[in-house]
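Peer 1: Okay, here's the structure, questions in a sec.
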Amino acid sequence: PSPWASEPYVVISGTIAVAATPGAARRLLIPEAWSMAHSRTRGTFPPLPPAERVEALEMGAKERGFYESGLTGQLAGTEEEVAHALETVLKETGAQEVLVTTSTYDREALLDSYRRLARIAGLSPA
């Protein structure tokens, strides 16, 4: 409770990637995970590269660790998998709102992910 609301209002935020396959959804996470790892080891945040370019890169142990860490904690998978995971998170947190931020190189795949997420949320026809 607060001066402006009689009950707490909970908002959770995170990255959500939805695609036809779990692998395709995970690939959406790769560009930003690498750019964050790069920024933490080299001090600059580069433009997001294609996932294929990241997968071909050689990384030092520290950068690889940050990269792998950056791929955890997000919701990624098929519509069914993400719907189940999102339902679980909402039950565990009691959140009334979800703020989604997903950043990736492939803008068409990102748009497809958002369309799929809209269907999960009932904001778009199936």
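Peer 1: Within region 7-28, restricting attention to residues that are under 13 Å from residue 100 (Cβ atoms) and hydrophobic (A, V, I, L, M, F, W, C), which residue is farthest from the chain's Cα centre (by Cα)?
Peer 2: 11
Peer 1: Follow-up question, since we're still on this one. Is there a residue being within 20 Å of residue 121 (Cα to Cα), touching a residue at least 40 places away in the same chain (Cβ under 8 Å) and more than 12 Å from the chain's Cα centre (by Cα) anywhere in region 35-52?
Peer 2: Among the residues of region 35-52, not one is within 20 Å of residue 121 (Cα to Cα), touching a residue at least 40 places away in the same chain (Cβ under 8 Å) and more than 12 Å from the chain's Cα centre (by Cα), which makes the answer no.
Peer 1: Just need a number here: residues in region 37-49 that are small (Gly, Ala, Ser) and within 18 Å of residue 15 (Cα to Cα).
Peer 2: Qualifying residue count, region 37-49: 1.
Peer 1: Another question, if that's okay. Give the residues of region 76-89 that are in contact (Cβ under 8 Å) with a residue 24 or more places away in the chain and open to solvent by less than 80 Å² (accessible area, probe 1.4 Å), sorted by residue number.
Peer 2: Residues satisfying the conditions are 76, 77, 78, 79, 82, 83, 86, 89.
Peer 1: Follow-up question, since we're still on this one. Considering only region 83-102, how many residues are among the hydrophobic types (A, V, I, L, M, F, W, C) and in a helix (DSSP H, G or I)?
Peer 2: Total meeting the criteria: 5.
Peer 1: Same structure again: Mind checking whether some residue in region 56-73 is assigned to a loop (DSSP other than H, G, I, E, B) and under 26 Å from residue 9 (Cβ atoms)?
Peer 2: yes
Peer 1: Considering each of 92, 52 in turn, give the residue that is open to solvent by 90 Å² or more (accessible area, probe 1.4 Å) and closer than 30 Å to residue 8 by Cα.
Peer 2: Residue meeting the stated conditions: 92.
Peer 1: Kindly indicate whether any position in region 97-107 is open to solvent by less than 80 Å² (accessible area, probe 1.4 Å), within 18 Å of residue 22 (Cα to Cα) and acidic (Asp, Glu).
Peer 2: Yes, because at least one residue in region 97-107 is open to solvent by less than 80 Å² (accessible area, probe 1.4 Å), within 18 Å of residue 22 (Cα to Cα) and acidic (Asp, Glu).
Peer 1: Might you check whether a residue that is touching a Pro at 6+ places or on another chain (Cβ under 8 Å) and either modelled with pLDDT of 95 or more or open to solvent by 40 Å² or more (accessible area, probe 1.4 Å) (or both) occurs anywhere in region 58-75?
Peer 2: Checking region 58-75: not a single residue is touching a Pro at 6+ places or on another chain (Cβ under 8 Å) and either modelled with pLDDT of 95 or more or open to solvent by 40 Å² or more (accessible area, probe 1.4 Å) (or both).
Peer 1: Among the candidates 39, 13, which residue alone is among the polar types (S, T, N, Q) and assigned to a helix (DSSP H, G or I)?
Peer 2: 39
The values are calculated or read from the model by the stated rules, or taken from the named source; none is laboratory data. In this text, all values refer to a predicted model and were calculated from it rather than measured experimentally. Heads up, the Cβs are rebuilt from the backbone with ideal geometry, glycines too, and the neighbour counts pull from every protein chain shown. Side chains are part of the model used for accessible areas, which takes the heavy atoms of the whole protein and leaves out ligands, DNA and RNA. Shrake-Rupley method; radii C 1.70, N 1.55, O 1.52, S 1.80 Å.
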